[in-house]
1. Which one of the conditions (1) among the aliphatic types (A, V, I, L, M); (2) at pLDDT below 75; (3) under 19 Å from the mean Cα position of the chain (by Cα) does A222 fail to meet, given that it meets all the rest?
2. Under 8 Å between Cβ atoms, which residue pairs at least 6 apart in sequence (or on different chains) link something in segment 26-38 that is open to solvent by 10 Å² or more (accessible area, probe 1.4 Å) with a partner that is not in a helix (DSSP H, G or I)?
3. Exactly one of (1) open to solvent by less than 30 Å² (accessible area, probe 1.4 Å); (2) in a loop (DSSP other than H, G, I, E, B); (3) at pLDDT below 70 is unmet by A146. Its number?
4. Within segment 55-84, how many residues turn out to be at pLDDT below 80 and either open to solvent by 30 Å² or more (accessible area, probe 1.4 Å) or of a type in the set (G, A, S) (or both)?
Amino acid sequence: MRPQVLPPPNPYQTLFERLEATGALRNFTRAVVAQCRPDPARPPRYTREELQNRVKGTDRWGDVDQHCADVGDLHGFDAVFVNTGIAGHPQMLTLVHDELDVIMTVHKTRSPGQVKGAPNYVRRLIRDAQNRLLYVGDELEDLTMAQNLEGKTFVQLTYGFRRGDRLKQVPAWVTFGVPDGSATQFFFQRDLLSLYPEFGRAEEDIDLNAGQPSRRFTTRPARKEGSETE
């Protein structure tokens, strides 16, 4: 019987565990879920000048970035705003952690497995970070070299809603993912809502027969028109 050769552990599992142990991922998840709920009576007042310039009025996605930037302050992240060159979205929030060598961005996506890789500024971040060596999720070679590079690890915090959810008040997913160098898939990904179920969607069971009917129904046949009652 041949001994089973196990693949080497994913190097980003350690990074994930370090961020989870500090409570950073839990606080990021709470901020995303909370700020997706609109409050028309209390429009946002951004303390970040870059967010104030991005939108005018109520914008939940700006609220998500604002509060994620505040959470980052508590956990050693520096909020850096990157020029995107996209009209109506002049600057994008990036959270940089020098001790962990991490660059994190927050994106709304259409599916849990979608990598936000289309915009040029995101591709540039992936290219300039360690992720540039990781082209296919199944390939584990060159990981040691990737860990020894001077570039930081680029991480995406993504969230989104079900297609039929028109209100879009509670995210259907919040994920932590390290995209591969091709910017088409995640090399490493973890579901944060299953890790922190207290922030997930509250599903309620509806019992259609909870109460007794208030009216009584009889089986007497209907009377024909023109007939006399006895």
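1. Unmet condition: (3).
2. As it stands, the answer is R26/Y196; N27/H75; R30/Y196; R37/Q169; R37/V170; P38/T58; P38/Q169, since those pairs meet every condition given.
3. Evaluating A146 over (1) open to solvent by less than 30 Å² (accessible area, probe 1.4 Å); (2) in a loop (DSSP other than H, G, I, E, B); (3) at pLDDT below 70 leaves (2) as the failure.
4. Number satisfying all stated conditions: 8.
This table checks each residue for (1) at pLDDT below 80; (2) in a strand (DSSP E or B); (3) of a type outside the set (F, W, Y).
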site: M92; (1), (2), (3): no, yes, yes
site: M104; (1), (2), (3): no, yes, yes
site: G117; (1), (2), (3): yes, no, yes
site: Y121; (1), (2), (3): yes, no, no
site: V136; (1), (2), (3): yes, no, yes
site: T158; (1), (2), (3): no, yes, yes
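The values are calculated or read from the model by the stated rules, or taken from the named source; none is laboratory data. Computed from a prediction, not measured in an experiment: that's the story for all the values here. Cβ: placed from backbone, ideal geometry, glycine included. Neighbour counts: every protein chain shown. Only protein heavy atoms, including side chains, enter the accessible area calculation; ligands, DNA and RNA are left aside. Shrake-Rupley method; radii C 1.70, N 1.55, O 1.52, S 1.80 Å.
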